[in-house]
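S.K.: Submitted below is the structure of interest, expressed as structure tokens.
The values are calculated or read from the model by the stated rules, or taken from the named source; none is laboratory data. A quick note: this is a predicted structure, and the numbers were derived from the prediction, not measured. Cβ atoms come from the backbone with ideal geometry, glycine included; neighbour counts cover every protein chain shown.
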Amino acid sequence: MVAAIVAGGAAATSSGAGSSAAGLAYASGGTTGLPSVWVANANGANAHKVGTGSFPTLSPNGQLVAAAGFGPNGPAFTIYSATGGPAHKFGDINKYGGGPPFAWSPDSRYLAVGVLDTTATRKIGNSGVEIVDTQTWTATKVASGVVQGVSAAPSGPDRFVYGLSSSQAIPSATNLFTVTPGAAPAQLTKDGRSYFPVWGARGIAFDSVQYVRNKSPAYSISLLNNGRVTSITHMKVNLLQDGLQPVAVSANGRYLVANFLGEDTMNAVTVDLATHKTHNLLVKGAPPTGWGISSNGKSVLIDVGGFENPPQDGTVESIPFAGGKATVLHTHGDEPNWAQ
């Protein structure tokens, strides 16, 4: 168990920052100096800085934002207040990195974090899953291994699902597990090739990964529901492509946004989990990167121009699930996350 270090005073904000809950978080800066974490309304209005870090993830109530540490020194990850309260820092980035992945419970009480031991090479070291209780501000390690995605149950008791590899070596046996805070984890899959879960109302979407010698791994999305696995996608990939990785799902569990991954490739694709139809998203003829989806499934949160560049070079936008005209939410931002 690791206690949080509370930063003195309120989290840093720019002048004019409001006290209302946030609907959007994103990273900015990074061209010179450390990237910073910003929060705003869901439409990008009333943006203000809360601190430094990367890959911010908003709590469902919009009150808190988790961010990974960045730089040679500092915490592994931080939970900032989106409304001007104190920041809570966890761990030492020189010993382990914290997040992504992050996942908040629907009631915003618990945060699940994938942590990676930065001092280990092929062994897992102290890598694993930690769960932060925001009522006590303590982090409890619940699993050891290399974390391959984490997600929260959309309703019911607070539960999380995560992919866990037995080694940093590629490939290594990787399966899905579920855990309730305060209880022991339970194993969901045993095939050794289940990665990147996203938990929705229809079940858990995840990647079934096929490894072929001397080729990139091939990712195919499957859906796990009550012990039954249904294949969703079977995209063809070449030597330098991997396939689709689930990112986020709508409240009704039907509409999924994923990214098509490969060498120098991270392109947003929408997936209908009922019809299995996929659609490649484009903005002015170029593929954006997918980061989230609205609760009703109608809009996808994307970044344009930020992939493999400093966050400052990206533009945070939204686009209809079926494609169409994109709406700019904020310029000079990347790694966006929605709470709406």
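S.K.: Of all the strands (runs of 3 or more DSSP E) wholly in region 113-203, which have at least 1 residues that are crowded, with 20+ Cβ neighbours inside 10 Å and of a type in the set (S, T, N, Q)? Walk me through how you get there before you give the answer.
M.R.: Working: elements: 128-133, 138-144, 146-152, 160-165, 174-179, 194-200.
Here the list reads 146-152, 160-165, 174-179, 194-200.
S.K.: Give just the number: which of (1) surrounded by fewer than 20 Cβ atoms within 10 Å (Cβ to Cβ); (2) over 19 Å from Gly333 (Cβ atoms); (3) not hydrophobic (A, V, I, L, M, F, W, C) does Thr270 not satisfy?
M.R.: Only one criterion is unmet by Thr270, namely (1).
S.K.: Being acidic (Asp, Glu) and modelled with pLDDT under 95 narrows it down to one of Asp272, Asp264, so name that one.
M.R.: Of Asp272, Asp264, the one residue that is acidic (Asp, Glu) and modelled with pLDDT under 95 is Asp264.
S.K.: Also, quick follow-up: Quick one: Ser318 ticks every box in (1) of a type outside the set (D, E, K, R); (2) over 30 Å from Thr32 (Cα atoms); (3) part of a strand (DSSP E or B) bar one, so which box is it?
M.R.: Here Ser318 clears every test but (2).
S.K.: Could we say that Ala251 is within 23 Å of Val300 (Cα to Cα), in a loop (DSSP other than H, G, I, E, B) and at pLDDT 95 or above here? First the steps, then the outcome.
M.R.: Numbers: within 23 Å of Val300 (Cα to Cα): yes; in a loop (DSSP other than H, G, I, E, B): yes; at pLDDT 95 or above: yes.
Yes: the conditions hold for Ala251.
S.K.: Quick check on my filter: what residues within region 246-258 are crowded, with 22+ Cβ neighbours inside 10 Å and among the polar types (S, T, N, Q)?
M.R.: Ser250
S.K.: Out of (1) part of a loop (DSSP other than H, G, I, E, B); (2) more than 18 Å from Asp207 (Cα to Cα); (3) of a type in the set (S, T, N, Q), what's the single condition that is false for Thr275?
M.R.: (2)
S.K.: Return the residue satisfying two criteria in turn: it lies in region 62-89 and is under 17 Å from the mean Cα position of the chain (by Cα) and assigned to a loop (DSSP other than H, G, I, E, B), and of such residues it is farthest from Trp38 (Cα to Cα). Steps first, answer last, please.
M.R.: Initial filter on region 62-89 (under 17 Å from the mean Cα position of the chain (by Cα)): 62, 64-70, 76-80.
If we keep only those that are assigned to a loop (DSSP other than H, G, I, E, B) too, we end up with 62, 69-70, 76.
Details: Gly62: 12, Gly69: 14, Phe70: 15, Ala76: 18 Å.
Among those residues, the one meeting the criterion is Ala76.
S.K.: Applying the selection to region 54-74, what residues are at pLDDT below 95 and under 22 Å from Thr136 (Cβ atoms)?
M.R.: Passing the criteria: only Gly69.
S.K.: Looking only at region 17-32, decide whether some residue is in contact with a His (Cβ under 8 Å, 6 or more places away or on another chain), hydrophobic (A, V, I, L, M, F, W, C) and modelled with pLDDT under 90.
M.R.: Within region 17-32 (the criterion being in contact with a His (Cβ under 8 Å, 6 or more places away or on another chain), hydrophobic (A, V, I, L, M, F, W, C) and modelled with pLDDT under 90), the answer is yes, since at least one residue qualifies.
S.K.: Pick from region 324-333 the residues that are at pLDDT below 95 and part of a strand (DSSP E or B): which of them is surrounded by the most Cβ atoms within 10 Å (Cβ to Cβ)?
M.R.: Among those that are at pLDDT below 95 and part of a strand (DSSP E or B), it is His330.
S.K.: Residues to consider are Gly243, Gly285, Gly292; find the one that is closer than 20 Å to Gly163 by Cβ and surrounded by fewer than 23 Cβ atoms within 10 Å (Cβ to Cβ). It would help to see each step written out before you state the result.
M.R.: Working: Gly243 fails: surrounded by fewer than 23 Cβ atoms within 10 Å (Cβ to Cβ); Gly285 fails: closer than 20 Å to Gly163 by Cβ.
Matching residue, one of Gly243, Gly285, Gly292: Gly292.
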